[in-house]
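Colleague: Please find one structure pasted underneath; my questions will follow.
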Amino acid sequence: MSAPAKPSPNPLKNRDRMKIPRQHMPEQPAQQRAHRFTEVNLGYSAELARQEALRCLECAKPTCMDHCPVGVKVREFVQLLVAGDYLAAAAKIREDNVLPAITGRVCPQEDHCEGSCLLCKKGESLGIGYLERFVADYEQQHMDKSAIVKAPPTGKKVAIVGSGPSGLTAAGDLVQKGHQVHVFEALHEVGGVLVYGIPEFRLPKQIIREQVDYMRAMGVEFETNVVVGRTVTINELMEEEGYDAVFIGTGAGLPQFMNIPGEHLNGVYSANEFLTRINLMHAYKFPRYDEPMVDFRGKNVAVIGGGNTALDAIRSALRLGAGKAYVIYRRSDAEMPARAEEVKHAKEEGIDFQMLTAPIEFLSDGNGWLNAARCVRMELGEPDASGRRRPVPITGSEFDLPLSVAVMAIGTSANPIIQSTTPGLNTDKRGYIQASETTQRTSRKGVFAGGDIVTGSATVILAMGAGRRAAKSIHEYLTTGEW
Amino acid sequence: MFKIVHAQFLAPGIKRFIIDAPRIARKQRPGQFVILRIYEQGERIPLTIENSDPQRGTINIVVQSAGKTTHLLNSLNTGDTILDVVGPLGKPSHIEKFGTVVVMGGGVGTAMAYPTAAALKRAGNRVLSIVGARTKELVILEREMREISDALMVTTDDGSYSEKGFVTDKLRQLIEKGTRIDLVIAVGPIPMMRAVANVTREHNIRTVVSLNPIMIDGTGMCGGCRVLINGKSKFACVDGPEFEAHEVDFDVLVQRNAMYREAEKKSMDDFRHEGEVLAEALCEHQEMACAGGRR
């Protein structure tokens, strides 16, 4: 990456930049937000954004960019922000990331750009995610979508299966190359996990709608209510509907259960169902919306698992009026896969973390409803295959935790619908689609895949990275014809 | 938006809709279902496809008024629209030449058993159909079932039409007469399917039932439709909806289907009391759909 041609708009010397503390993200007070679905983080003001942006050391070799799965040019967009040209800053991000308002909220920056920031060595990293969110939100409020310039059409048609992070990213990149892009979505709303999985208080639906509208303005077509594999097959798309390439980004699959006694009791949910009822179906607005939810106001709710999905579920339960809200996780704090910021937010809101604990049975009230979870305490033994220390049950430590609702957030396994209806599409032992890590090509000519349906459960930004690689690779295939 | 090209009551509270849904019509096989959502605030409910016409691009569904959503649906007429219809979902019925197959339909379940019975007949099976309903006016698709069956038996719980009794009584009679039965397919209310399974278990006759647990997405994503089959958890939307009757834990199915009974009752009560408000919301939706058209 060559140094910027123009001199830096940042007037401060490096020494002075490092004296500025990381600017705190304004947020709703914990007591207030714990009972509302409105967004926790309120976003930087222009003053805060500038103050934070001034901290950037503008490294000659920015590691932040190398550590971004989609390669956002962090230094350049931050410079544009400091210069006060917010729309140009947003456009700079858009060169590599078509969903900046979303990643600015849910990407685990601490594992990517911010984790590699030079400022970490002496203090706290640059708030890259917060800055991205600031310029993206500014763009949504001030951008004239009618001014979007469409690329000249190539005459090639690409089908995108799934409208989650990987599909939207691939669609955005491909339409900018002039390909006709048609996105198929199984549910009635576009956005995949962003819509059904991530709650309003972390990612408002309006943000997704606006980002999708932006993509529509770019020329991307969306068709909801199509389950590819059932409503139409990959073969039919290519042979009968004239698609030159297909990208499969169908995401997380079937929810896993622990296979312990009592999992069929009423009140035991998968995190996917629990969150889908709340987010996609607006069950929290029952009876204004028709989809119901078990009424657990004032009662005990627990989520089993320690990832972001687990925290999304339990924090939603708290907002729906749970009397006591627990996270039950079989390892310790250090092994928890959830983002540190989410854990902090959850603790502030009053979530009770039961670490080194696992349920071994769900107990009935005698009428088919969950009454309690029989749990056992764990201790950490030798490292297992994942490199993390294996939790081992402590004999005699069993206890019963009274519960009305338990939510299983322990991961997913591959959804078989596309694999079983697409001849010649290779899968791995666990049923996930096999695709090249660099080109996202599958065993079927013209068919690409990426995101959770290839890797198993991961993050929004990793799926977006796969969508980006796929788009590049699809474009190469469509222009050269070489497979 | 999915347009209702024809809507007609088959019996009190039971209505058939012919819906414009070309993609689904083209792919539908017997035993499969759709999930629909009527309007923006609506819930998603699964409904079995009774029939489809790939040339006209239409599918048929038969709906019995039970809760708010089905009542609302049955208030729609020819020319109205449904916001979302997705499918065909689930595995199609397994069709091959088994020999003699007894197809049993209980109440509105007859509409769901019909396409499977027709396909079995086309595959060269001897099809003996038993159709049951509470009372005479609730017997549906009798003529259609007769056309594709080698024999059709009808029972009514109150004896107001044909023979008084339950479909299982007729099944027992067939077995006692020594009729060779290679397969029984039963579609209907849970108590009826459970009763059929109990009869055929005694006689070791393979039996398939179509289960109707609560669903949301219908693609395996949510796991809400999990049923206990031979002690193992299965998802009715991707592993079913048809399962071997003798392996089904009907108690768990009954219990899980009752999970939202209170909320459903509240919805239905509000629906009765606030019918006008709802009718307005629905009207608004239809007006938007027609964009200043028909109404």
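The values are calculated or read from the model by the stated rules, or taken from the named source; none is laboratory data. Predicted, not measured: the structure shown is a model, and the values here were computed from it. Cβ: placed from backbone, ideal geometry, glycine included. Neighbour counts: every protein chain shown. The area values use the complete protein model at the heavy-atom level, side chains included, leaving out ligands, DNA and RNA. Shrake-Rupley method; radii C 1.70, N 1.55, O 1.52, S 1.80 Å.
Colleague: How many residues does the stretch A:442-476 hold that are surrounded by fewer than 24 Cβ atoms within 10 Å (Cβ to Cβ) and more than 17 Å from A:Thr169 (Cβ to Cβ)?
Modeller: Here the count works out to 6.
Colleague: If A:Ala340 passes every condition in (1) under 25 Å from A:Asn300 (Cα atoms); (2) assigned by TED's automatic domain parsing to the domain that holds A:Met238 but one, which one does it miss?
Modeller: For A:Ala340, the exception is condition (2).
Colleague: Kindly indicate whether any position in the stretch B:80-96 is charged (D, E, K, R), more than 12 Å from chain A (Cβ to nearest Cβ) and more than 14 Å from the chain's Cα centre (by Cα). Break it down into steps so the answer makes sense when it comes.
Modeller: Filtering the stretch B:80-96 down to residues charged (D, E, K, R) leaves B:80, B:84, B:91, B:96.
Those left that are additionally more than 12 Å from chain A (Cβ to nearest Cβ): B:80, B:96.
Add one more test, that the residue is more than 14 Å from the chain's Cα centre (by Cα), and what stays is B:80, B:96.
Yes, the conditions are met somewhere in the stretch B:80-96.
Colleague: Then there's this: All but one of (1) under 23 Å from B:Val238 (Cβ atoms); (2) away from every other protein chain (no Cβ under 14 Å) hold for B:Gln64; which doesn't?
Modeller: Only one criterion is unmet by B:Gln64, namely (1).
Colleague: What number of residues within the stretch B:67-79 satisfy the criterion of being within 11 Å of another protein chain (Cβ to nearest Cβ) and not aliphatic (A, V, I, L, M)? Before you say what the answer is, go through the steps one by one.
Modeller: Initially, the stretch B:67-79 is screened for residues within 11 Å of another protein chain (Cβ to nearest Cβ), giving B:67-69, B:72.
Still in the list and also not aliphatic (A, V, I, L, M): B:67-69.
Within the stretch B:67-79, residues that are within 11 Å of another protein chain (Cβ to nearest Cβ) and not aliphatic (A, V, I, L, M) number 3.
Colleague: Right, something else. Being at pLDDT 95 or above and open to solvent by 40 Å² or more (accessible area, probe 1.4 Å), is that true of even one residue in the stretch A:327-334?
Modeller: yes
Colleague: Tell me, which residue of the stretch B:196-242 that is more than 10 Å from chain A (Cβ to nearest Cβ) and among the acidic types (Asp, Glu) is nearest to A:Gly162 (Cα to Cα)?
Modeller: B:Glu242
Colleague: Now a separate question. Using beta carbons and a limit of 9 Å, which pairs, at least six apart or on different chains, have the first residue in the stretch B:161-175 and in contact (Cβ under 8 Å) with a residue 24 or more places away in the chain and in a helix (DSSP H, G or I) and the second one open to solvent by 70 Å² or more (accessible area, probe 1.4 Å) and β-branched (Val, Ile, Thr)?
Modeller: none
Colleague: Kindly indicate whether B:Ile175 is open to solvent by less than 60 Å² (accessible area, probe 1.4 Å) and within 21 Å of the chain's Cα centre (by Cα).
Modeller: no
Colleague: Another question about this same structure. Would you check which residues across the stretch A:22-44 are open to solvent by less than 50 Å² (accessible area, probe 1.4 Å) and within 18 Å of A:Leu81 (Cα to Cα) and list them?
Modeller: Answer for the stretch A:22-44, where residues must be open to solvent by less than 50 Å² (accessible area, probe 1.4 Å) and within 18 Å of A:Leu81 (Cα to Cα): A:Gln23, A:Met25, A:Gly43, A:Tyr44.
Colleague: Sticking with this structure for a sec: If a residue counts only when it is within 11 Å of another protein chain (Cβ to nearest Cβ) and in contact with a Gly (Cβ under 9 Å, 6 or more places away or on another chain), which strands (runs of 3 or more DSSP E) contained entirely in the stretch A:250-347 have at least 3 such residues?
Modeller: Working: elements: A:268-270, A:300-304, A:324-328.
Once the strands (runs of 3 or more DSSP E) in the stretch A:250-347 are filtered for at least 3 residues that are within 11 Å of another protein chain (Cβ to nearest Cβ) and in contact with a Gly (Cβ under 9 Å, 6 or more places away or on another chain), what remains is A:268-270.
Colleague: Turning to a different aspect of this structure: Would you be able to say whether some residue in the stretch A:6-21 is on the phi < 0 side of the Ramachandran plot, open to solvent by less than 10 Å² (accessible area, probe 1.4 Å) and touching a residue at least 40 places away in the same chain (Cβ under 8 Å)?
Modeller: Keep residues of the stretch A:6-21 that are on the phi < 0 side of the Ramachandran plot, which gives A:6-21.
Imposing the further condition that a residue be open to solvent by less than 10 Å² (accessible area, probe 1.4 Å) reduces the set to none.
Scanning the stretch A:6-21, I find no residue that is on the phi < 0 side of the Ramachandran plot, open to solvent by less than 10 Å² (accessible area, probe 1.4 Å) and touching a residue at least 40 places away in the same chain (Cβ under 8 Å), so the answer is no.
Colleague: I need every pair where a residue in the stretch A:304-325 that is polar (S, T, N, Q) has its Cβ under 7 Å from the Cβ of a residue that is outside any helix (DSSP H, G or I), sequence separation at least 6 or different chains.
Modeller: From the stretch A:304-325, the pairs are A:Asn308/A:Ala338; A:Asn308/A:Arg339; A:Thr309/A:Gly197; A:Thr309/A:Ala409; A:Ser316/A:Pro199.
Colleague: Another question about this same structure. Looking at the stretch B:211-295, what strands (runs of 3 or more DSSP E) fall wholly within it and have at least 1 residues that are acidic (Asp, Glu) and modelled with pLDDT of 95 or more? So that I can check it myself, show each step before the final result.
Modeller: Working: elements: B:226-229, B:232-235, B:242-244.
The qualifying strands (runs of 3 or more DSSP E) are B:242-244.
Colleague: Inspect all residues belonging to the stretch B:53-61 and state whether any of them is modelled with pLDDT of 95 or more, open to solvent by less than 20 Å² (accessible area, probe 1.4 Å), under 21 Å from B:Ile95 (Cβ atoms) and more than 14 Å from chain A (Cβ to nearest Cβ). Don't jump to the end; show me each part of the working.
Modeller: First, the residues of the stretch B:53-61 that are modelled with pLDDT of 95 or more: B:53-61.
Remaining after also requiring open to solvent by less than 20 Å² (accessible area, probe 1.4 Å): B:57-59, B:61.
Applying the additional criterion that residues be under 21 Å from B:Ile95 (Cβ atoms) yields B:59, B:61.
Next, only the ones that are more than 14 Å from chain A (Cβ to nearest Cβ) stay: B:61.
For the stretch B:53-61, residues modelled with pLDDT of 95 or more, open to solvent by less than 20 Å² (accessible area, probe 1.4 Å), under 21 Å from B:Ile95 (Cβ atoms) and more than 14 Å from chain A (Cβ to nearest Cβ): present.
Colleague: Restricting to the stretch B:1-57, count the residues that are closer than 21 Å to B:Cys225 by Cβ and in contact (Cβ under 8 Å) with a residue 40 or more places away in the chain.
Modeller: Within the stretch B:1-57, residues that are closer than 21 Å to B:Cys225 by Cβ and in contact (Cβ under 8 Å) with a residue 40 or more places away in the chain number 20.
Colleague: Can you tell me which residues in the stretch A:276-290 are of a type outside the set (Val, Ile, Thr), touching a residue at least 40 places away in the same chain (Cβ under 8 Å) and surrounded by 24 or more Cβ atoms within 10 Å (Cβ to Cβ)? Reasoning before the result, please.
Modeller: Initially, the stretch A:276-290 is screened for residues of a type outside the set (Val, Ile, Thr), giving A:277, A:279-290.
Keeping just the survivors that are touching a residue at least 40 places away in the same chain (Cβ under 8 Å) gives A:279-280, A:284.
Correct list: A:Asn279 only.
Colleague: Within the stretch A:187-196, can one find any residue that is within 11 Å of chain B (Cβ to nearest Cβ), farther than 23 Å from A:Arg105 by Cα, more than 15 Å from the chain's Cα centre (by Cα) and open to solvent by 30 Å² or more (accessible area, probe 1.4 Å)?
Modeller: No: the stretch A:187-196 contains no residue that is within 11 Å of chain B (Cβ to nearest Cβ), farther than 23 Å from A:Arg105 by Cα, more than 15 Å from the chain's Cα centre (by Cα) and open to solvent by 30 Å² or more (accessible area, probe 1.4 Å).
Colleague: In a helix (DSSP H, G or I), more than 21 Å from B:Phe33 (Cα to Cα), modelled with pLDDT of 95 or more and not β-branched (Val, Ile, Thr), is that true of B:Glu137?
Modeller: Values: in a helix (DSSP H, G or I): yes; more than 21 Å from B:Phe33 (Cα to Cα): yes; modelled with pLDDT of 95 or more: no; not β-branched (Val, Ile, Thr): yes.
The answer is no for B:Glu137.
Colleague: Which members of the stretch A:256-314 meet the condition of being of a type in the set (Phe, Trp, Tyr) and farther than 11 Å from A:Val405 by Cβ?
Modeller: Taking the stretch A:256-314 as the starting set, the residues that turn out to be of a type in the set (Phe, Trp, Tyr) are A:257, A:269, A:274, A:284, A:286, A:289, A:296.
A:Phe257, A:Tyr284, A:Phe286, A:Tyr289 - these are the residues of the stretch A:256-314 that are of a type in the set (Phe, Trp, Tyr) and farther than 11 Å from A:Val405 by Cβ.
Colleague: Please find, within the stretch A:291-303, the residue that is nearest to B:Arg256 (Cα to Cα) out of those that are open to solvent by less than 10 Å² (accessible area, probe 1.4 Å) and without any contact (Cβ under 8 Å) to a residue 24 or more places away in the chain. Can you show your working first?
Modeller: Initial filter on the stretch A:291-303 (open to solvent by less than 10 Å² (accessible area, probe 1.4 Å)): A:291-292, A:296, A:301-303.
Retained after the next criterion (residues that are without any contact (Cβ under 8 Å) to a residue 24 or more places away in the chain): A:291-292.
Numbers: A:Glu291: 16, A:Pro292: 14 Å.
For the stretch A:291-303, the residue satisfying everything is A:Pro292.
Colleague: Further question: Can you tell which of A:Asp400, A:Asp384, A:Asp365, A:Asp428 is within 14 Å of another protein chain (Cβ to nearest Cβ), charged (D, E, K, R) and open to solvent by 30 Å² or more (accessible area, probe 1.4 Å)?
Modeller: Details: A:Asp400 fails: within 14 Å of another protein chain (Cβ to nearest Cβ); A:Asp384 fails: within 14 Å of another protein chain (Cβ to nearest Cβ); A:Asp428 fails: within 14 Å of another protein chain (Cβ to nearest Cβ).
Exactly one residue qualifies, and that residue is A:Asp365.
Colleague: State yes or no: is A:Phe37 closer than 24 Å to A:Thr459 by Cα, in contact (Cβ under 8 Å) with a residue 24 or more places away in the chain and either part of a helix (DSSP H, G or I) or not assigned by TED's automatic domain parsing to the domain that holds A:Ser125 (or both)? Talk me through it step by step, then tell me what you get.
Modeller: On the way: closer than 24 Å to A:Thr459 by Cα: yes; in contact (Cβ under 8 Å) with a residue 24 or more places away in the chain: yes; either part of a helix (DSSP H, G or I) or not assigned by TED's automatic domain parsing to the domain that holds A:Ser125 (or both): no.
Considered against the rule, which asks whether it is closer than 24 Å to A:Thr459 by Cα, in contact (Cβ under 8 Å) with a residue 24 or more places away in the chain and either part of a helix (DSSP H, G or I) or not assigned by TED's automatic domain parsing to the domain that holds A:Ser125 (or both), A:Phe37 comes out as no.
Colleague: Among the residues of the stretch A:232-248, write down those that are part of a loop (DSSP other than H, G, I, E, B), within 14 Å of another protein chain (Cβ to nearest Cβ) and touching a residue at least 12 places away in the same chain (Cβ under 8 Å).
Modeller: Of the stretch A:232-248, the ones part of a loop (DSSP other than H, G, I, E, B) are A:233, A:240-244.
With within 14 Å of another protein chain (Cβ to nearest Cβ) added as a condition, the list becomes A:233, A:240-241.
Passing the criteria: A:Thr233, A:Glu241.
Colleague: Tell me the residue from A:Phe362, A:Phe274, A:Phe286, A:Phe296 that is of a type in the set (Phe, Trp, Tyr) and closer than 30 Å to A:Gly104 by Cα, please.
Modeller: Residue meeting the stated conditions: A:Phe274.
Colleague: Right, another one. Quick check on the stretch A:244-275: of everything there that is of a type in the set (S, T, N, Q) and crowded, with 21+ Cβ neighbours inside 10 Å, which residue is nearest to B:Gly42 (Cα to Cα)? Full working, then the answer.
Modeller: To start, the set of residues in the stretch A:244-275 that are of a type in the set (S, T, N, Q) comprises A:250, A:256, A:259, A:266, A:270, A:272.
Subsequent filtering for residues that are crowded, with 21+ Cβ neighbours inside 10 Å retains A:250, A:266, A:270, A:272.
On the way: A:Thr250: 25, A:Asn266: 23, A:Ser270: 22, A:Asn272: 19 Å.
My answer is A:Asn272.
Colleague: If you check A:Ala136 against the conditions, is it aliphatic (A, V, I, L, M), closer than 23 Å to A:Gly465 by Cα, assigned to a loop (DSSP other than H, G, I, E, B) and modelled with pLDDT of 95 or more? Show your work before the answer.
Modeller: Working: aliphatic (A, V, I, L, M): yes; closer than 23 Å to A:Gly465 by Cα: yes; assigned to a loop (DSSP other than H, G, I, E, B): no; modelled with pLDDT of 95 or more: yes.
Spelling it out, it is not the case that A:Ala136 is aliphatic (A, V, I, L, M), closer than 23 Å to A:Gly465 by Cα, assigned to a loop (DSSP other than H, G, I, E, B) and modelled with pLDDT of 95 or more.
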